[in-house]
1. Using only helices, what value at 222 nm comes out for the chain when you add -39,500 (n - 2.57) per DSSP H run of length 4 or more and divide by the total residues, to the nearest 500 deg cm²/dmol?
2. In nm², what is the average projected area of the convex hull enclosing the Cα atoms of the chain?
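Readers should treat all values here as calculations from the given coordinates under stated rules, not as data from a laboratory. Keep in mind the model is a prediction, meaning the values are calculated, not measured.
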């Protein structure tokens, strides 16, 4: 069975991101601030690239390299991911 998400909500994307950040930081998910800027989490560039790769694998398509830059919080990125998935499915991303 594939882990690729065919349909998901912003809430589901947010939950996935919170769990990934919590795991990478070694803290409980309840300690992850969804409105904190990604750079403030202290992940280095390698960890961020790994996270982006895991996210693309979960989504089933490649995100623009600027996605995390233009949507710099879990809250903002989770909403963008739903839009991006729709654009990808229509061949517009």
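1. Calculated at 222 nm, the ellipticity per residue is -17500 deg cm²/dmol.
2. 5.9
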